[in-house]
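Below you'll find the structure, written out as structure tokens, and then a few comments.
The values are calculated or read from the model by the stated rules, or taken from the named source; none is laboratory data. This structure is a prediction, so every number in the text was calculated from the model and none was measured. So basically every Cβ, Gly included, is an ideal-geometry build from the backbone, and we count neighbours across all protein chains shown.
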């Protein structure tokens, strides 16, 4: 396999979402640069996200797990939606980042969300490889 996927640590949102596997980032048109990117277009929901603004407001809080209220109601709601619809848990991601560290976690992400056929990124939302177009089942390991 020719591995093309290399999601940088800067694509990890405070809530545990890997923006590098998000449909808004992977699509060709009106591509989002990631919720923490300082430049480039962002989706409206990223600009007004209460989780992102909360995490950035707290002194020294990079990720939600740095907060005394972790996991808060809003994060639990988001996590439930993503586990139910997309088979991915932001709280599990955050717990693994806390356990492994961000760099080691991203090594796992750059393996977990890679198309076995071409090495391109697999989208969490539609399970499609955005390099070759192969459609995968819901479970990505």
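Just checking, how many residues over the range 107-123 are touching a strand residue (DSSP E or B) at 6+ places or on another chain (Cβ under 7 Å) and within 26 Å of residue 71 (Cα to Cα)?
2
Only helices (runs of 4 or more DSSP H) wholly contained in the range 1-92 count here; list those with 1 or more residues that are modelled with pLDDT of 80 or more.
23-26, 73-86
Is it the case that residue 128 is without any contact (Cβ under 8 Å) to a residue 12 or more places away in the chain, at negative phi and crowded, with 16+ Cβ neighbours inside 10 Å? Give the derivation first.
Values: without any contact (Cβ under 8 Å) to a residue 12 or more places away in the chain: yes; at negative phi: yes; crowded, with 16+ Cβ neighbours inside 10 Å: yes.
Yes.
Return yes or no: is residue 109 surrounded by 12 or more Cβ atoms within 10 Å (Cβ to Cβ) and modelled with pLDDT under 95?
Judged against the criteria, residue 109 is a match.
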